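Read the structure below first, then the notes.
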Amino acid sequence: MSTAGTPAAEPAARCDLLVVGSANADLVIGVERRPAAGETVLGSDVRVHPGGKGANQAVAAARLGARTALLARVGDDGHGRLLLDSLRSAGASTAAVLVGGAPTGVALITVDPDGDNSIVVSPGANARLTPGDVREAADLIGAARVVSAQLEIPLETVGELVRHLPGGSRFVLNPSPPAALPAEILSACDPLVLNEHEARFVLGADGRAGADANGQAGAAGANTGGAGDRSGTAPEDRARALLELGPRSVVITLGARGALVADSRDDTCVHITSPRVEAVDTTGAGDAFTAALAWRLGRGDSLPDAARYAVRVGAAAVTAPGAQESFPTPEEVAAL
């Protein structure tokens, strides 16, 4: 573990997947229904789980057998120690996890009887992961087959990460929570992985322009007199519209319906179906999907084949409560 302002040196051997992102403590409460504005509802006892999109992806990939490292920041507190222990237990490297600067990030999660969740995140130390931290980790970034990121860390840090990607590595981005994305980041994505809500945001739903004059996609053009989301409502239409913004490939996750894969290189759009399972808790399922997808791409799988494996991993993850605790082993994936 590193307690200074820079990541510790990483072994020179290439890792299968480097995740650059968030690490949170998930505080989960079961509810019969979500409260309306101004309403109070009673819930279950609070359960505390290790989470955060970055740590989730690192744990999920390591549990599947990938050589995985995480570049992140946690607080010098009990939640931070919980996260470090979970990463090490899964076999992920914590040598680049920075400690200190702010309390560990926290996610407040409500889960209803159908397994659907609503999440509010307090970034904490995640907001202190800086472009300088990325520059200090240049050797680690250069040793990764695939680099994956999310948006629970500052967007400027993700931009710095893109600028340090070496030739031959692949960049996977899940724009969650959704934000306006510079063209520099969009053009590096291979793939851009997002759910239907995030796809609508990036494409300019609810009156947001899809891209402004500065190459920003998302909410930036809200007052440009916009026509809103002109991509159509079918996932195939949205996938093709997303490709027009610059990513080399796009994957839209569709929950129980699987995923849609679109690739600009061969102009294909493929629907990948998911195994039918009984959902218990969807928390972290998207992170498990993205981790599996990124790892399999690093192994040399085609994008559709990687997505076929990833939907099985995501399906397995929703059959157990919690985020990291629910992530499957290869044997559990095979059982589906």
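Would you confirm, using the coordinates I've provided, whether Ser93 is surrounded by fewer than 22 Cβ atoms within 10 Å (Cβ to Cβ), more than 30 Å from Gly30 (Cα to Cα) and either of a type in the set (Lys, Arg) or touching a residue at least 40 places away in the same chain (Cβ under 8 Å) (or both)? When the stated conditions are applied, Ser93 passes them. Among the residues of the stretch 112-136, those that are part of a strand (DSSP E or B), of a type in the set (A, V, I, L, M, F, W, C) and surrounded by fewer than 18 Cβ atoms within 10 Å (Cβ to Cβ) comprise Ile119, Val120. Taking the listed residues Glu156, Glu196, the one that is out of contact with any strand residue (DSSP E or B) (no Cβ under 7 Å at 6 or more places or on another chain) and surrounded by fewer than 20 Cβ atoms within 10 Å (Cβ to Cβ) is Glu156, with no other qualifying.
Here's the yes/no breakdown for (1) assigned to a helix (DSSP H, G or I); (2) touching a Lys or Arg at 6+ places or on another chain (Cβ under 7 Å); (3) at pLDDT below 95; (4) of a type in the set (Asp, Glu):
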| position | (1), (2), (3), (4) |
| --- | --- |
| Val28 | no, yes, yes, no |
| Ala58 | yes, no, no, no |
| Ala72 | no, no, no, no |
| Leu84 | yes, no, no, no |
| Ala95 | no, no, yes, no |
| Pro103 | no, no, no, no |
| Ile109 | no, no, yes, no |
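Number of residues in the stretch 80-90 that are of a type in the set (Ser, Thr, Tyr) and in contact (Cβ under 8 Å) with a residue 24 or more places away in the chain equals 1. For the stretch 67-90, a residue qualifies if it is touching an Asp or Glu at 6+ places or on another chain (Cβ under 7 Å), surrounded by fewer than 24 Cβ atoms within 10 Å (Cβ to Cβ) and aliphatic (A, V, I, L, M), but none of them does.
Of (1) buried (at least 21 other Cβ atoms within 10 Å of the Cβ); (2) over 24 Å from Val251 (Cβ atoms), Val146 satisfies all except one. Which? All conditions are met except number (2).
For residues that are buried (at least 18 other Cβ atoms within 10 Å of the Cβ) and of a type in the set (S, T, N, Q), scanning just the stretch 320-336, find the one that is farthest from the chain's Cα centre (by Cα). The qualifying residue farthest from the chain's Cα centre (by Cα) is Ser326.
The values are calculated or read from the model by the stated rules, or taken from the named source; none is laboratory data. Source: prediction; values computed, not measured. Reconstructed Cβ throughout: ideal geometry from the backbone, glycine too, with neighbour counts over all protein chains shown.
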